[in-house]
1. Along Cα→Cβ at 7 Å, what distances in nm separate the A:Asn26 label point from those on the other copies, shortest first?
2. What is the Cα coordinate range of the protein assembly as shown on the first, second and third principal axes, sorted by size from largest, in whole angstrom?
3. Determine the relative contact order of chain B: mean sequence separation of Cα pairs under 8 Å and six or more apart, normalised by residue count, in whole percent.
4. Pairing the Cα long axis of helix A:61-71 with the longest principal axis of chain A, what angle in degrees results, from 0 to 90 and rounded to the nearest 10?
5. Mind checking the angle between helix B:2-11 and chain B's longest principal axis? C-alpha axes, 0 to 90 degrees, to the nearest 10.
6. To the nearest µm²/s, what D does Stokes-Einstein give for segment B:43-202 at 20 °C and 1.002 mPa s, using the Kirkwood radius over alpha carbon pairs as Rh?
7. Starting from a label point 7 Å past Cα on the Cβ side, list the distances from B:Leu78 to the same position in the other copies, nm, shortest first.
8. With an 8 Å cut-off on Cα pairs and a minimum separation of 6 or more residues, tell me the relative contact order of segment A:84-202 in percent.
Protein chains: 2
Amino acid sequence: NIRNLAMEKVASTVMFPCKYFASGCNAQLLHTDKQDHEEICEFRPYSCPCPGASCKWQGSLEQVMTHLLAVHKSITTLKGEDIVFLATDINLPGAVDWVMMQSCFGHHFMLVLEKQEKYDGHQQFFAIVQLIGTRKQAENFIYRLELSGHRRRLTWEATPRSIHDGVQSAIMNSDCLVFDTSIAKLFADNGNLGINVTINLC
Amino acid sequence: NIRNLAMEKVASTVMFPCKYFASGCNAQLLHTDKQDHEEICEFRPYSCPCPGASCKWQGSLEQVMTHLLAVHKSITTLKGEDIVFLATDINLPGAVDWVMMQSCFGHHFMLVLEKQEKYDGHQQFFAIVQLIGTRKQAENFIYRLELSGHRRRLTWEATPRSIHDGVQSAIMNSDCLVFDTSIAKLFADNGNLGINVTINLC
Ligand SMILES: [Zn+2]
Ligand SMILES: [Zn+2]
Ligand SMILES: [Zn+2]
Ligand SMILES: [Zn+2]
C-alpha cells in the first residue's frame with residue numbers, strides 16, 4: 001500500500017493552519033494534532049450555553065450575554081457571590097433542566113441543574129456552574145454548591161467550567177454535584193429544592 | 001364477621017408488655033403499637049455492626065466492643081477526631097465493604113464504605129459513620145466525610161447512625177455520602193481512596 005504510506009509521510013511533516021485562522025488563530029499544526037487543537041482553540045466560536053441543545057446559536061464570547069438576554073429572556077439573574085438557586089417542582093417526571101444566572105466579580109455565571117436517567121430506572125440530578133468566559137478566566141474562581149437539611153449537609157466545590165467547554169462532558173463524568181431522587185427528597189421542601197451557590201476568587 | 005370485630009375490640013384496649021420485658025423494658029403497649037415499639041426499644045439486643053450481615057452475633061451494647069475485638073480482629077482502629085479512612089483497591093469488582101474504627105470523645109465509631117449495585121449496571125459507593133452507642137448518644141455528634149482532589153471537594157455532614165439502627169436502611173435511602181465510580185476515580189490515587197473523616201460534638 002505504497003500510495004498511503006507516501007501520503008502519511010507528507011501528512012506527518014506538513015503544517016496546516018487552524019480552521020479558525022480567519023477568526024484570528026495563527027496556530028500551524030501537524031495533521032495529527034489539528035483536530036485536538038481545534039477542539040480547544042480559543043478562536044473557536046462559542047455555542048449557546050443553555051442546556052438541552054435546542055438553541056443552535058454560535059458567536060463570539062462578547063456576544064453570548066446579548067444572545068441570552070435577547071433569546072432566553074425567561075432566565076432569572078441574581079446578583080451576589082452567595083445566592084440561593086431555587087429549583088421548583090423537582091418531582092416533575094422525565095428529563096428536566098433548571099437554569100439561572102448569577103452575577104458577581106464582574107462576571108456572569110450560569111447555574112445548571114439537570115435531571116436525567118443516565119442509567120435505566122435510576123434518575124439522578126446533576127448541578128454545575130459555568131462561567132460566561134474563557135477556561136483561563138474560569139480558573140480564577142471556585143464555586144460551592146450546598147444542600148442543607150435537617151442535620152445533614154452535602155457540599156461540592158470545584159472550578160467553574162468555561163462555557164467554551166460546556167457542561168455536558170462534566171455531567172457525563174459525574175464531575176459535578178450528583179445526587180439521586182432519595183437525597184433530593186431529604187433536602188427538598190414541598191417539591192422545591194434550594195441549592196446554596198457561593199462563588200469565590202481563588 | 002362478628003368474631004373478628006370482638007377480637008379487634010379486645011386488642012384495641014388490652015395492654016401487652018414489650019417482648020424485651022426480661023431485659024428491663026417496662027413499656028405496656030396496645031397490640032397495634034407493640035411491633036413499632038419493639039423495633040426501636042432500647043432494650044432490644046444489639047446486632048454485630050459489621051456490614052455484610054455474615055456475623056449473627058447479638059448482645060448488649062456493653063458487649064459490642066468486646067465482640068469486635070475478639071471476632072473481627074482485622075479491623076483497624078485510629079484515634080482522634082480527624083483521621084483518614086483509606087480504602088484500598090476500590091476498583092475490585094463486585095460488592096465490597098471497607099470498615100475501620102475511629103475512637104474519640106471517649107466513644108468508638110465504625111466507618112463503613114460499601115460498594116454495591118443498587119441499580120443494574122450502575123455501581124455506587126456509600127460511605128457512612130455509625131456510633132457504637134444508642135441513638136440518643138449519636139445525636140450529640142456530627143460527622144463529616146470529605147473527598148479532596150485537584151480543585152474539587154465533595155463533603156457530606158450528618159448525625160452518626162446508632163449501631164442499634166444500623167447503616168443498611170440509610171444506605172438504601174442514600175442518606176449518606178453517595179458517589180459513583182467516575183467520582184471515585186477523580187479522587188482516588190492509584191486505586192486507593194482516602195476519605196477524610198472528622199467527628200465533632202454538636
Ligand atoms: Zn486555533
Ligand atoms: Zn441560545
Ligand atoms: Zn421495649
Ligand atoms: Zn460480629
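1. 9.1
2. For the protein assembly as shown, the Cα spread along each principal axis is 89, 49, 45 Å.
3. 18 percent.
4. 50 degrees
5. 70 degrees
6. D, rounded to a whole number, is 134 µm²/s.
7. Ordered by increasing distance: 3.6 nm.
8. Worked out over segment A:84-202, it gives 30 percent.
Coordinate-derived values only; no laboratory data. All values reported here derive from a predicted model rather than from experimental measurement. A quick note on method: Cβ atoms are made from the backbone with ideal geometry, for glycine too, and the neighbour counts reach across all protein chains shown.
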